[in-house]
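Take a look at the structure set out below.
Read-outs throughout are calculated quantities, based only on the coordinates presented, and are distinct from any laboratory measurement. Just so it is clear, the structure is predicted and the values come from calculations on it, not from any experiment. Backbone-built Cβ (ideal geometry, glycine too); neighbour counts: all protein chains shown.
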Amino acid sequence: MQQYPYIVTISSEKGGVGKTTLASNLAIYLKAMREDLAVTILSFDNHFTIDRMFELKGQKLRGTVHEMLLGAPASDLVHTGQYCVGYIPSSTELGDIHERFKGPMTLTRIMAESGIGGIVIIDTRPDLNILTQNALYAADQVLIPVKDMPSLENCKNIFALFEQRGMDKKSLALIPCLVDERIKFDGVFKDQKTLLRAFAANRGYRCLDTFVSKSPKVESLNTNPDGKIYPILTHARGTEVHGQFSEIARDVLRNLDATPEPRSFLYGRWLAEKEDKKKQAYLARLEGLAEYCLICGEPLAERPDGRGFYYETSDRARRGFLHTDCFADMLCATLYGMTSTSQAYGAARLVIAEKAGKLVTLLCPTMANGSFRIDFRQFDSSGEQLFQKDLTLSGFSEGEFDGVNDRLYLLLNEALSGYEGKPREGVWLAVHPVDAKHPESVLGDEHYRALHHVQARIGETVRPFGRQ
């Protein structure tokens, strides 16, 4: 059964507020309080504190957060570390990731598809780059450590991001950290934590009931002759900070228990529904295809190979595939009056077929001075026009073949004919090259959107039938 994590993001634009200490020790406290709960931690910072805290000596690494952000399954990258906390090793190579993240919900998708359960704690950099934004939007709970007025002032940018995205700011909570309880003030606000909470409340920010005191004992756990990082749980017993972290962990667990469907689950369900809609739309497009090549009339099921072109009318009423050789023969006759009996036909056909295999071909019937004409154009894959030619359709209105454009007439009559066999007014036909080995891939959601982007650009340039 698919697992979905409850995500806690630790974030602050201000450095030196105890962010990583909070993240790493919170992971240890959560695991100690609930042994059967999977706890995983990862960091987008490059100081490797997480790794120094949790890695086991001699442990063979299978990958880092860099591989995770590039698409490797996150569950495969979780290493069981010290204190039974899972961690994904840090990386110094995250600079190139920023350009790859096109939107703020990429990490939410990664977590939804990760297969990781329990709680995931994300330690972020002291800025609001695209990775930090992703970590904020993916979180069920965001803990923002503040120790002074500058760090409190920086909180406004995090709240502004949630405001811009229309996201619920109830997940955001401030924690006064590194509070020096020796500092006292005269008046109503007698100490640091009271002052910070008052200013936070005045700005509409929510604070946790607890706080984290400044402690020389805790500071020594990160900087000591051993060069190790020791956890507060085991090496700072008897300090106020020990009890304060217990309260923070209990608050996180209460929120976890009160959240039956974490954001990763909700996003995963939305992705599944989206994929199902894509599948249904794809199947609907398949069902609407013509069953035969409009040029030769041969059922496509009998000769599925060689379907090198996809056609669609501007009103989407007719859609289907054409055989590559049929379309190339038609272009030879339409553009140059050449048939299989013409001299140098073979060489010309190869050149025309190669060119058509790279361009989108437009066929637009027009009426000029009482006679039918065809506005023939070719465009590149971006919709930029490269070629145009006006062709007379002799005998087209009378339903007569002229011996040269017979294939063209068959295609136009089948694709564009409406009431009484006349071309539907304002409708044109576009023929797109496709992968002959996998022609149906053009109907996939991404490819089909790209196709219609080109069709929209083409539609801005054409003069449909009936317009002078």
Contour minus Cα-Cα distance for ASP325 and ASP380 (0.36 nm per residue): 17.7 nm
Karplus (6.51, -1.76, 1.60) ³J(HN,Hα), θ = phi - 60°, over the range 92-101, in Hz, Gly and Pro reported as x: 9, 10, 8, x, 6, 5, 4, 6, 7, 7
Quick one: which residues, 5+ away or cross-chain, put their amide H under 5 Å from the amide H of MET338? H built at 1.01 Å from N. ALA333
Gap separating the Cα centres of the range 192-242 and the range 106-172, nearest whole Å: 20
Assertion target for LYS355, LYS19, ordered by fewest C-beta neighbours within 10 angstrom first, is LYS355, LYS19
Using 0.36 nm times the number of residues separating HIS98 and TYR282, minus their current alpha carbon distance, what extension gain do you get? 63.0 nm
Once both labels are modelled 7 Å past Cα along the beta-carbon direction, what's the LYS170-GLN3 spacing in nm? 2.8
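Please report the antiparallel percentage of DSSP beta bridges with both residues in the chain, rounded to the nearest 5. List each step's numbers first, then the result.
Numbers: 34 of 56 bridges.
Approximately 60 percent, going by the DSSP bridge assignments.
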Once amide hydrogens are built 1.01 Å from N within the peptide plane, the residues lying 5 or more places from GLY63 or on another chain with amide H under 5 Å from its amide H are none
For LYS102, give me every one of the lysines with a C-alpha distance below 27 angstrom, ignoring sequence neighbours fewer than eight places off in its own chain. LYS14, LYS19, LYS156, LYS169, LYS170, LYS274, LYS277, LYS278, LYS279
State the answer as a single residue: which of LEU411, ILE295, THR361 lies farthest towards the positive end of the charge dipole of the range 290-459, with beta carbon charges of +1 for Lys and Arg and -1 for Asp and Glu, about the Cα centre. THR361
Modelling each spin label as a point 7 Å along the Cα-to-Cβ direction, I'd like the ARG34/SER340 distance in nm, to one decimal. 7.4
On the principal axes of its Cα set, how long, how wide and how thick is the range 6-272? Give whole Å, largest value first. 56, 46, 35
Considering amide H positions built from the backbone, and no H for Pro or chain starts, which residues 5 or more places from ILE119, or on another chain, come under 5 Å of its amide H? TYR6, ALA38, VAL39, THR40
When the Cα centres of the range 408-438 and the range 44-71 are compared, how far apart do they sit, in Å? 57
Scalar couplings 3J(HN,Hα) for the range 336-344 by Karplus 6.51 cos²θ - 1.76 cosθ + 1.60 (θ = phi - 60°), nearest whole Hz, x for Gly and Pro, are 10, x, 9, 10, 5, 8, 6, 5, 6
Please sort by residue number the trypsin sites (Lys or Arg not before Pro) in the range 292-342 whose DSSP state is loop and whose Cβ has at most 15 other Cβ atoms within 10 Å. ARG316
Name all residues of the range 202-218 having a backbone nitrogen under 20 Å from the label point set 7 Å from the Cα of ASP180 along its Cα→Cβ direction, giving them as ranges. 211-218
Straight-line reach from LYS389: which aspartates and glutamates have Cα under 20 Å away, leaving out those fewer than 8 places along the same chain? ASP329, GLU354, ASP375, ASP380, ASP402, ASP406, GLU460
In order through the range 346-361: 3J(HN,Hα) via Karplus (6.51 cos²θ - 1.76 cosθ + 1.60), integer Hz, x for Gly, Pro: x, 5, 5, 5, 4, 5, 5, 5, 5, 5, 5, x, 10, 10, 9, 9
